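Chemist: Structure in C-alpha coordinates, see below.
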Amino acid sequence: MSALQYKSPLAGYENAEPLPTTLNADGKSFYNPPGPRSAAYEDFPAPIQSSNNGFDFHIYYHPNSPVEVKYAAELHERIRREFPEFRIYKLWDKAIGPHPVPMFEVNVFTPHQTGAFFSWLVVNRGPLSVLVHPNTDDGHRDHTELATWMGQPYPLYAGMLKHEAR
(Lines give C-alpha, C1' and ligand atoms only; values in the text may rest on other atoms or scores of the structure.)
Protein backbone atom coordinates (compact mmCIF):
# COMPACT_ATOMS: atom_id res chain seq x y z
CA MET A 1 0.00 0.00 0.00
CA SER A 2 1.45 3.36 -0.92
CA ALA A 3 1.54 6.29 1.49
CA LEU A 4 -1.00 8.09 -0.71
CA GLN A 5 -3.65 5.55 0.32
CA TYR A 6 -3.34 6.32 4.02
CA LYS A 7 -5.63 8.87 5.65
CA SER A 8 -3.63 11.76 7.11
CA PRO A 9 -2.92 11.31 10.84
CA LEU A 10 -3.84 15.00 11.19
CA ALA A 11 -7.42 14.47 9.95
CA GLY A 12 -9.67 16.35 12.37
CA TYR A 13 -6.94 18.80 13.34
CA GLU A 14 -7.01 20.89 10.16
CA ASN A 15 -8.12 24.05 11.98
CA ALA A 16 -6.16 23.55 15.19
CA GLU A 17 -3.89 26.25 16.57
CA PRO A 18 -0.20 25.77 15.74
CA LEU A 19 1.72 23.89 18.40
CA PRO A 20 4.33 25.87 20.35
CA THR A 21 8.00 25.33 19.54
CA THR A 22 8.99 25.82 23.19
CA LEU A 23 11.32 23.16 24.57
CA ASN A 24 11.03 21.65 28.03
CA ALA A 25 13.82 22.06 30.60
CA ASP A 26 15.65 19.02 29.19
CA GLY A 27 16.29 21.05 26.03
CA LYS A 28 15.19 18.16 23.78
CA SER A 29 11.48 17.53 24.22
CA PHE A 30 8.66 19.85 23.25
CA TYR A 31 6.22 21.48 25.63
CA ASN A 32 2.74 20.22 24.76
CA PRO A 33 -0.14 22.39 25.97
CA PRO A 34 -2.83 20.60 27.98
CA GLY A 35 -5.66 19.25 25.88
CA PRO A 36 -8.47 16.74 26.04
CA ARG A 37 -7.57 13.16 26.93
CA SER A 38 -7.39 10.89 23.88
CA ALA A 39 -10.35 8.54 23.46
CA ALA A 40 -7.78 5.81 22.68
CA TYR A 41 -7.17 5.43 26.44
CA GLU A 42 -10.65 3.98 26.82
CA ASP A 43 -11.66 2.62 23.39
CA PHE A 44 -9.73 1.00 20.57
CA PRO A 45 -9.57 3.22 17.48
CA ALA A 46 -11.44 2.10 14.36
CA PRO A 47 -11.15 -0.29 12.62
CA ILE A 48 -10.11 -2.35 15.67
CA GLN A 49 -13.12 -4.32 16.86
CA SER A 50 -13.39 -4.88 20.58
CA SER A 51 -16.66 -6.86 20.40
CA ASN A 52 -14.70 -10.12 20.78
CA ASN A 53 -11.23 -8.92 21.74
CA GLY A 54 -9.10 -6.02 20.60
CA PHE A 55 -5.66 -7.63 20.30
CA ASP A 56 -4.10 -11.08 20.04
CA PHE A 57 -0.64 -11.91 21.37
CA HIS A 58 0.82 -15.06 19.77
CA ILE A 59 3.80 -16.30 21.77
CA TYR A 60 6.07 -18.50 19.65
CA TYR A 61 8.67 -21.09 20.60
CA HIS A 62 10.99 -23.50 18.78
CA PRO A 63 9.78 -27.07 19.46
CA ASN A 64 13.31 -28.44 19.06
CA SER A 65 14.76 -26.17 21.76
CA PRO A 66 14.27 -27.69 25.22
CA VAL A 67 15.04 -24.29 26.74
CA GLU A 68 12.28 -22.58 24.73
CA VAL A 69 9.78 -25.41 25.28
CA LYS A 70 10.30 -25.19 29.05
CA TYR A 71 10.22 -21.39 29.06
CA ALA A 72 7.02 -21.30 26.98
CA ALA A 73 5.27 -23.71 29.40
CA GLU A 74 6.38 -21.67 32.40
CA LEU A 75 5.41 -18.37 30.77
CA HIS A 76 2.01 -19.80 29.83
CA GLU A 77 1.38 -20.78 33.46
CA ARG A 78 2.62 -17.42 34.77
CA ILE A 79 0.31 -15.50 32.42
CA ARG A 80 -2.65 -17.65 33.49
CA ARG A 81 -1.86 -16.90 37.13
CA GLU A 82 -1.07 -13.18 36.76
CA PHE A 83 -3.69 -12.23 34.17
CA PRO A 84 -6.74 -14.46 34.81
CA GLU A 85 -9.03 -11.88 33.17
CA PHE A 86 -7.44 -12.52 29.75
CA ARG A 87 -8.50 -15.30 27.37
CA ILE A 88 -5.52 -17.67 27.25
CA TYR A 89 -5.50 -20.56 24.81
CA LYS A 90 -3.75 -23.88 25.12
CA LEU A 91 -0.04 -24.30 24.54
CA TRP A 92 0.16 -25.87 21.08
CA ASP A 93 2.91 -28.42 20.47
CA LYS A 94 2.82 -27.99 16.68
CA ALA A 95 2.35 -25.24 14.12
CA ILE A 96 -1.29 -24.22 13.66
CA GLY A 97 -3.06 -21.94 11.18
CA PRO A 98 -0.79 -19.30 9.69
CA HIS A 99 1.74 -19.72 12.52
CA PRO A 100 4.86 -21.62 11.40
CA VAL A 101 5.92 -22.90 14.84
CA PRO A 102 4.13 -23.91 18.05
CA MET A 103 2.70 -21.08 20.11
CA PHE A 104 0.00 -20.04 22.49
CA GLU A 105 -2.40 -17.14 22.14
CA VAL A 106 -3.50 -14.52 24.65
CA ASN A 107 -6.46 -12.18 23.96
CA VAL A 108 -6.87 -8.78 25.62
CA PHE A 109 -10.04 -6.73 25.67
CA THR A 110 -9.22 -3.11 26.51
CA PRO A 111 -6.55 -0.55 25.63
CA HIS A 112 -5.36 -0.62 29.27
CA GLN A 113 -4.92 -4.41 29.17
CA THR A 114 -3.11 -4.15 25.83
CA GLY A 115 -0.59 -1.64 27.16
CA ALA A 116 -0.09 -3.42 30.47
CA PHE A 117 0.42 -6.82 28.86
CA PHE A 118 2.66 -5.46 26.12
CA SER A 119 5.00 -3.83 28.64
CA TRP A 120 4.90 -6.92 30.87
CA LEU A 121 5.84 -9.19 27.93
CA VAL A 122 8.72 -6.91 26.89
CA VAL A 123 10.33 -7.74 30.24
CA ASN A 124 9.15 -11.36 30.65
CA ARG A 125 9.06 -12.98 27.18
CA GLY A 126 12.60 -14.33 27.59
CA PRO A 127 13.90 -16.07 24.45
CA LEU A 128 10.47 -16.22 22.81
CA SER A 129 9.08 -14.16 19.95
CA VAL A 130 5.64 -12.54 20.10
CA LEU A 131 3.34 -11.52 17.27
CA VAL A 132 0.95 -8.78 18.40
CA HIS A 133 -1.95 -7.86 16.14
CA PRO A 134 -5.29 -6.08 16.34
CA ASN A 135 -8.57 -7.64 15.28
CA THR A 136 -10.40 -5.86 12.48
CA ASP A 137 -12.50 -7.35 9.71
CA ASP A 138 -9.34 -8.15 7.70
CA GLY A 139 -7.38 -11.07 9.17
CA HIS A 140 -4.71 -10.83 6.49
CA ARG A 141 -4.00 -7.16 7.17
CA ASP A 142 -4.16 -7.76 10.95
CA HIS A 143 -1.40 -10.39 10.80
CA THR A 144 0.80 -8.49 8.32
CA GLU A 145 0.47 -4.73 7.82
CA LEU A 146 -0.93 -3.96 11.29
CA ALA A 147 1.19 -6.50 13.20
CA THR A 148 4.01 -5.75 15.60
CA TRP A 149 6.73 -8.16 16.70
CA MET A 150 8.72 -8.59 19.89
CA GLY A 151 11.85 -10.57 19.20
CA GLN A 152 12.62 -12.34 15.96
CA PRO A 153 9.73 -12.18 13.43
CA TYR A 154 8.59 -15.39 11.78
CA PRO A 155 7.25 -15.71 8.23
CA LEU A 156 3.54 -16.44 8.39
CA TYR A 157 1.42 -18.48 5.98
CA ALA A 158 -0.62 -15.32 5.38
CA GLY A 159 -2.31 -16.56 2.21
CA MET A 160 -4.77 -18.57 4.29
CA LEU A 161 -6.04 -15.48 6.12
CA LYS A 162 -9.24 -13.63 5.20
CA HIS A 163 -8.48 -10.50 3.19
CA GLU A 164 -11.15 -7.81 2.94
CA ALA A 165 -11.18 -5.45 -0.03
CA ARG A 166 -10.91 -1.82 1.02
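Chemist: Run through every distinct alpha carbon pair of the range 12-53 and return the Kirkwood hydrodynamic radius in angstroms, one decimal place. Intermediate values should be presented prior to the final figure.
Modeler: Working: mean 1/r = 0.0739 Å⁻¹.
About 13.5 Å for the range 12-53.
Chemist: Using Cα positions and a limit of under 17 Å, work out the aspartates and glutamates in reach of LYS7, with same-chain residues fewer than 8 apart set aside.
Modeler: Straight-line reach from LYS7, under 17 Å: GLU145.
Chemist: Hey, what do the phi angles of the range 130-137 turn into as Karplus ³J(HN,Hα) couplings, whole Hz, using 6.51/-1.76/1.60 and θ = phi - 60°, x for Gly and Pro?
Modeler: Listing the rounded values in order: 10, 9, 10, 8, x, 10, 10, 8 Hz.
Chemist: Hey, another quick one. Going Cα to Cα from LYS90, which aspartates and glutamates come in below 19 Å? Please leave out same-chain ones fewer than 8 positions away.
Modeler: ASP56, GLU68, GLU74, GLU77, GLU82, GLU105
Chemist: Also, I was wondering about something else. So for the chain, taking the charge dipole from beta-carbon charges (+1 Lys/Arg, -1 Asp/Glu), which of SER51, PRO98, ALA40 sits furthest toward the positive end?
Modeler: Of the listed residues, the answer is PRO98.
Chemist: Another question about this same structure. Calculate the all-directions average of the projected area of the range 1-98's alpha-carbon convex hull, and give it in nm². Walk me through the numbers before you get to the answer.
Modeler: Numbers: hull surface 49.1 nm².
One quarter of the hull surface, i.e. the mean projection, equals 12.3 nm².
Chemist: Along each principal axis of its Cα atoms, how long is the range 46-113 end to end? Whole angstroms, biggest number first, please.
Modeler: Extents along the principal axes: 39, 27, 14 Å.
Chemist: For THR21 paired with TYR6, estimate the spin-label separation in nm (one decimal), with each label point 7 Å from Cα along the Cα-to-Cβ line.
Modeler: 2.5
Chemist: Could I ask something else about it? Less than 17 Å from a label point 7 Å out along the Cα-to-Cβ axis of ARG37: which backbone N atoms in the range 78-118 qualify, by residue?
Modeler: Taking a point 7 Å out along Cα→Cβ of ARG37, the residues of the range 78-118 whose backbone N falls under 17 Å are 110-116.
Chemist: I need the Kirkwood Rh of the range 81-166: take the reciprocal of the average 1/r across all distinct C-alpha pairs and report it in angstrom. Before the final figure, lay out each step's value.
Modeler: Details: mean 1/r = 0.0714 Å⁻¹.
For the range 81-166, the Kirkwood estimate is 14.0 Å.
Chemist: Rg and Dmax in Å for the chain, alpha carbons only: what are they?
Modeler: 19.0, 58
Chemist: Lysines within cross-link reach of LYS94: Cα-Cα under 27 Å, excluding same-chain residues under 8 positions apart?
Modeler: LYS70, LYS162
Chemist: Working from Cα positions, state the angle (0 to 90°, nearest 10) between the long axis of helix 66-82 and the longest principal axis of the chain.
Modeler: 60
Chemist: With +1 on each Lys and Arg Cβ and -1 on each Asp and Glu Cβ, how big is the dipole of the range 19-122 about its Cα centre, in debye rounded to the nearest 20?
Modeler: Magnitude of the dipole: close to 80 debye.
Chemist: Turning to a different aspect of this structure: For ILE96 and SER119, calculate 0.36 nm times their separation in residues minus their Cα-Cα distance, and state this gained length in nm to one decimal.
Modeler: 5.7 nm
Chemist: Ok, one more. Under a plain spin-label model, where a point goes 7 Å from the Cα along Cα-to-Cβ, how far apart in nm are GLU77 and TYR89?
Modeler: Taking the simple label geometry, GLU77 and TYR89 are separated by 2.3 nm.
Chemist: Next question. By how many degrees, 0 to 90 and rounded to 10, does the Cα axis of helix 111-124 deviate from the longest principal axis of the chain?
Modeler: Once rounded, the angle reads 60 degrees.
Chemist: Ordering LYS90, LYS7 by accessible area with a probe of 1.4 Å, largest first, what comes out?
Modeler: LYS7, LYS90
The values are calculated or read from the model by the stated rules, or taken from the named source; none is laboratory data. Everything numeric here is computed off the predicted structure, so don't read it as measured data. Positions of Cβ are generated from backbone atoms using ideal geometry, with glycine treated the same way; all protein chains shown enter the neighbour counts. Side chains are part of the model used for accessible areas, which takes the heavy atoms of the whole protein and leaves out ligands, DNA and RNA. Shrake-Rupley method; radii C 1.70, N 1.55, O 1.52, S 1.80 Å.
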